[in-house]
């Protein structure tokens, strides 16, 4: 597995507050990488740094074998698709129109949607099982349906790297599982998928790789069973896990 | 995409409506002149009909289009930037500040020395309040902050306008104050058109160039940036475009309010919600609304005592109220 996104000694700060300290990590292509950690551990910041939305104070990020600094704004937009936390539509666009926004990096100024754009939109809607309500307004959809359309928007970008920040946060359990299945599908298509998660059980069961962040440090990483070891859970989260036969986290309790 | 036919039809209807309204505006006025004489007067008649056609009716009808287009497009773009249907040049204080700039230019004799200074000062005034909008939108301010800041800025600009008028020792200060607060196209001159049309056109083009970015902002700022949109540049173009168009329009017509709020809202039903699809139709729709309103006041009060802004505010203010109630119910 080659690393689509590599973090090399990355540090970042909001003013005087350090949020990432010397983090080394990688998002491999063809895998789902889960980023976990307590609130304020730097999960979102890690994604924002990779997107160039947040400056680094040290280190570098390499995206598809090219340092971030060498990417043009438009090039990076085609390489990285981003689904921010709490995504929503500020105007009640038709679901289809919203998904088509994902094609913006591929369109010249004032150019209409090309046939390839339409195809990408249709394919993204179909993969998210959202075709049925594609001509309804976002305001008329349920939260679960909206989440699928917003996810389809990120897919329509067609980027080889998909970064999703807490996509499961406001979904019911069935939709959470559906979302993780979508993420797995994208990884199976060869994409590098990185997702921040609060639910350790989801993370341990649906991710290939786990990065555990703690106060901006990289506390552990690797396969779920190894990265989410009892020692790490106790030290970073202050919890203990009950495990299934395969080592996956089944339930947690406070230490 | 679906709806493209509806959008084309909407544009066509707006264009036809604009032509009819423009003709009505040209043909209707206090002086009772036959349409044939007026048209003849356009092309070289030397009598009263020629003077009225070329120096009064044509500039007034054309200026209505410029002012309406400026306000409609500005409203559509501001609503896109703030992702809020309450945003428009009047509510955000841009027109009041443009009026202040114009008053300073006129009553301190600057515009008499160099007529170009009138639109320049108005645009600078508009830029001042638009700069505040820029800062607000950069900090992700919500609708309430935007409206309240608009109230504060507009109150201050109105007070400063009154102050400037009283310092100017102008016997017509009170009448002029009403003009700057309510707006009017009465006494439009051909030169008004030359000074307001070019900045308005440039402003609307700037706003249109920001359309894609405004669409992307529907997803939020960071998602828009991840789509390759330079959000800072989008903000700058909206603020600059609004200042140019609204500033130039206000310099000639005073503060005509609510056009920028009503027009995009009505057109969303036909053109869709994407901001980029609303800017040009809103320019057309604003032109239709202002032209029709300007014809209406001449029919209601042929003596010319009714001001344009009175009519737009009487239509727009209840609409504003209704919109607030509806937004509250939705959230």
Seminar exercise, completed: log10 I(q)/I(0) for the stretch A:133-255, Debye formula on C-alpha points only (no solvent), q = 0.17 Å⁻¹, two decimals, reads -0.92
Exercise. Which FRET efficiency, nearest 0.05, do residue B:296 and residue A:116 yield, Cβ-Cβ r, R0 56 Å?
Worked result: 0.70
Exercise. What is the Cα coordinate range of the stretch A:61-133 on the first, second and third principal axes, sorted by size from largest, in whole angstrom?
Worked result: 41, 30, 24
For this session: Can you tell me the 0 to 90 degree angle between the C-alpha axis of helix B:58-82 and the longest principal axis of chain B, rounded to 10?
Result: 10 degrees
Exercise. Taking the simple approach of a point 7 Å from Cα along Cα-to-Cβ for both residue B:303 and residue A:198, what is their distance in nm?
Worked result: 6.8 nm
For this session: Arrange B:322, A:71, A:91, B:180 by Cβ neighbour counts within 10 Å, fewest through most, would you?
Result: B:322, A:71, A:91, B:180
For this session: Work out Dmax and Rg for the stretch B:30-75 from the C-alpha atoms and quote the Rg first, both in angstrom.
Result: 13.2, 41
For this session: Can you bin chain A into rounded, prolate or oblate? Criterion: square roots of the alpha carbon gyration tensor eigenvalues sorted a ≥ b ≥ c, rounded for a/c under 1.5, prolate for a/b above b/c, oblate for the rest.
Result: oblate
Exercise. Label-point separation (nm) for residue A:73 and residue A:215, each offset 7 Å from Cα along Cα-to-Cβ?
Worked result: 3.8 nm
For this session: Mind giving me the nanometre distance, one decimal, between the label points for residue A:2 and residue A:188, set 7 Å out from Cα along Cα→Cβ?
Result: 2.4 nm
Exercise. Among B:150-161, A:33-44, how do they line up from the highest to the lowest mean number of other beta-carbon atoms within 10 Å?
Worked result: A:33-44, B:150-161
Exercise. Given a Förster distance of 35 angstrom, what is the FRET efficiency for residue B:266 paired with residue B:55, based on the Cβ-Cβ distance and rounded to 0.05?
Worked result: 0.55
Exercise. What is the extension gain from residue B:167 to residue B:233, computed as 0.36 nm multiplied by their sequence separation minus the C-alpha to C-alpha distance, in nm to one decimal?
Worked result: 19.8 nm
Exercise. For the stretch B:185-282, what is Rg from Cα atoms divided by 2.2 N^0.38 Å, rounded to two decimals?
Worked result: 1.21
For this session: Quick one: Debye curve from the alpha-carbon atoms of the stretch B:1-140 only, equal weights, vacuum; give me log10 I(q)/I(0) at q = 0.20 Å⁻¹ to two decimals.
Result: -1.11
Exercise. If each residue's Cβ is checked for other Cβ atoms within 10 Å, how do A:206, A:175 rank with the fewest at the top?
Worked result: A:175, A:206
Exercise. Taking Rh as the Kirkwood radius computed over C-alpha pairs, what is the Stokes-Einstein D of the stretch B:95-235 at 37 °C in a medium of viscosity 0.692 mPa s, expressed in µm² per second?
Worked result: 193 µm²/s
Problem set entry | Spread of Cα-to-Cα distances over 20 Å intervals beginning at zero, given as percent, for chain B | 33, 57, 10, 0
Exercise. To the nearest 10 degrees, how steep is helix B:173-182 against the longest Cα principal axis of chain B, on a 0 to 90 scale?
Worked result: 50 degrees
Exercise. How much mean residue ellipticity at 222 nm does chain A get from its helices, if each DSSP H run of length 4 or more adds -39500 (n - 2.57) and you divide by all residues, to the nearest 500 deg cm²/dmol?
Worked result: -8500 deg cm²/dmol
Exercise. Helix B:279-300 versus the longest principal axis of chain B: what angle, 0 to 90°, nearest 10, using Cα atoms?
Worked result: 40 degrees
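Mind giving me the FRET efficiency for residue A:108 and residue B:39? R0 is 56 Å, r the Cβ-Cβ distance, nearest 0.05 is fine. Can you show the working numbers first?
Details: r = 44 Å, r/R0 = 0.79.
Working from the Cβ atoms, E equals 0.80.
I need the semi-axes of the equivalent ellipsoid of the protein assembly as shown: take the C-alpha gyration tensor, multiply each eigenvalue by 5, square-root it, list largest first in whole angstrom.
On the way: eigenvalues 623, 118, 74 Å².
Equivalent ellipsoid semi-axes, largest first: 56, 24, 19 Å.
May I ask you to derive the relative contact order of chain B, considering only C-alpha pairs under 8 Å and at least 6 residues apart, and to give it as an integer percent? Please report the intermediate quantities before stating the final value.
Working: 604 pairs, mean separation 102.0, N = 331.
Worked out over chain B, it gives 31 percent.
Please pull out the direction-averaged projected area of the stretch A:7-61, using the convex hull of its alpha-carbon atoms, in nm² to one decimal place.
Values: hull surface 15.1 nm².
For the Cα atoms of the stretch A:7-61, the hull's average projected area reads 3.8 nm².
Could you list A:27, B:167, B:319, B:258 so that the one with the fewest beta carbons within 10 Å of its beta carbon is first and the one with the most is last?
Working: A:27 28, B:167 11, B:319 15, B:258 25.
Result, fewest neighbours first: B:167, B:319, B:258, A:27.
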Seminar exercise, completed: Stokes-Einstein D for the stretch B:67-162 (4 °C, 1.567 mPa s, Kirkwood Rh from Cα pairs), in µm²/s, comes to 96 µm²/s
Seminar exercise, completed: Computed on Cα atoms, the radius of gyration and Dmax of the stretch B:234-331 in angstrom are 14.9, 46
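Where a number appears in this text, it was derived from the coordinates with a stated rule and is not lab data. Every value quoted in this text rests on a predicted model; they were computed, and no experiment measured them. FYI the Cβ positions are ideal-geometry reconstructions off the backbone, even for glycines, and counts take in every protein chain you see.
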